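Here the structure comes first, spelled out in structure tokens, and everything after it is commentary.
Nothing in this text is a laboratory measurement; each read-out follows from the coordinates by a stated rule. Nothing here was measured: the structure is a model prediction, and the numbers come from that model.
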Ligand code: XMP
């Protein structure tokens, strides 16, 4: 619409003025905020932007390829994809405590990004390398980190953020979404030509599947979880609620699959199986501070369960999480 069109024009002019003929790097995660920031900055300065996409191997099924297809394939942005999955798996081996896993993932993420930024500088892509670091910070992030007053005394889960990164890299900050709320960021994303489906995705935590595999992270677990989760999400998008005409994906705020590294017995054909268990989690919430488990239709749960067990060899039991927040949290770790 014309209001968003005006907004884009203004934002583009502001970015051009701020950046001049310098260069910008941006860490692309596949999430909504960094994606919209990338699309907007690319609209403004084209090839003066280089996106660095660190693939930690804990993304959802085909997610990395989809990010590349969108930004490199369709938007023709410069994107460096770094496959760091082996590094992450190596460093996570033997670690099962959730906060420790988060810290390792956060630290490696920053390390890999910094190394890539330094490499880009050395390779002299452009005259002097990037002088700006762009981030998809949105207004609620600004408020959240603004007052020490609002900091909770106890950290329940340390969130994956990259505070202090621009200083460490000696870069100036470019944060074109700082004034926007989430729904405005989404509208902007659509107006910039990002697919609606990408822009209206459920939130996905920075540590990714790292906190959805309980305990120690292993490649085998991540591969099983990715396939099971893709089935759950596909069926949430397939099932429509008659009363509202909306899909169950849109009727839930966040939905995902959790991998439980325990084995249970089952039967399949004339054989006995002894395989892993997954839990389905779907919640409805307005602020993610409290959340109700979603009353998904039995027909949907039935379809998802039978598809996962039949299609994902290695998983023979599917459970549904009926815990609300509080006292449970949305993620299991
Ligand atoms: P919990 O599990 O605390 O989750 O009820 C609330 C919301 O925060 C997300 N979450 C995270 N996001 N890094 C993130 O970027 C994290 O470490 C992290 N832990 C939880 C969670 O997905 C939910 O939307």
Which whole-angstrom value gives the distance between the alpha carbon centres of the stretch 306-329 and the stretch 237-258? 16
Please determine, in degrees from 0 to 90 and to the nearest 10, the orientation of helix 298-311 with respect to the longest principal axis defined by the Cα atoms of the chain, where the helix direction is its Cα long axis. 90
With only alpha-carbon atoms counted, please give the Rg and Dmax of the stretch 1-146, in Å. 16.6, 54
Viscosity 1.567 mPa s, temperature 4 °C: what is the translational diffusion coefficient of the stretch 187-237 from Stokes-Einstein with a Kirkwood Rh over Cα pairs, rounded to a whole number of µm²/s? 100
Value of [θ]222 nm, deg cm²/dmol, for the chain, DSSP H segments ≥ 4, -39500 (n - 2.57) each, nearest 500: -12500 deg cm²/dmol
Determine, at each q value in 0.09, 0.11, 0.14 (inverse angstroms), the log₁₀ of I(q)/I(0) that the Debye formula gives when each Cα of the chain is one equal point scatterer. -0.52, -0.77, -1.22
Contact order relative to length for the stretch 212-320, counting C-alpha pairs under 8 Å separated by 6 or more residues, stands in percent at 27
Share of Cα-Cα pairs in the stretch 212-320 beyond 20 Å, in percent? 42
If you line up the long axis of helix 32-45 against the longest principal axis of the chain, both from Cα atoms, how many degrees apart are they, to the nearest 10? 30
Contact order relative to length of the stretch 7-123, as percent, for alpha carbon pairs under 8 angstrom and 6 or more apart: 23
Relative to the chain, whose Cα atoms define the longest principal axis, helix 98-122 and its Cα axis are tilted in degrees, nearest 10, by 30
Could you tell me the relative contact order of the chain? Use alpha-carbon pairs under 8 Å, at least six residues apart, and round to a whole percent. 16
Just 305, 96, 145 to compare: in a GNM of the chain, with alpha carbon springs under 10 Å, which one fluctuates most? 145
